[in-house]
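See below for the structure under consideration.
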Amino acid sequence: MIEAVVMALIYLCLLVIAIYLVVWVLQQLGITIPDNIMKVLWVIVVLVAILILVRVVLPYAGIRLGVANALTLMT
């Protein structure tokens, strides 16, 4: 589990660095991004980070999410 969490954190760091570099390059080119759009962009990054961490941690907690489990519960 520790390896999966570490790999997820590395992926998250790479995602944040990529977004930051894209924003930095756009600013260097003279393209200004409004504050509201920047806030929305970082909220999306945070939601993706939460999704990645939840998908990594839940199977080790004994909780599996998916269509197969929902169908099993319905029958």
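FYI, it's all coordinate maths here, none of it is from the lab. None of the values given here were measured: they were computed from a predicted structure.
Across region 39-44, coupling constants 3J(HN,Hα) worked out from phi with the 6.51/-1.76/1.60 Karplus curve, θ = phi - 60°, read 5, 5, 4, 6, 5, 5 Hz, and Gly and Pro carry x.
For region 3-14, the Karplus equation 6.51 cos²θ - 1.76 cosθ + 1.60, evaluated at θ = phi - 60°, returns couplings of 5, 5, 5, 5, 5, 5, 5, 5, 4, 5, 5, 5 Hz by residue, with Gly and Pro reported as x.
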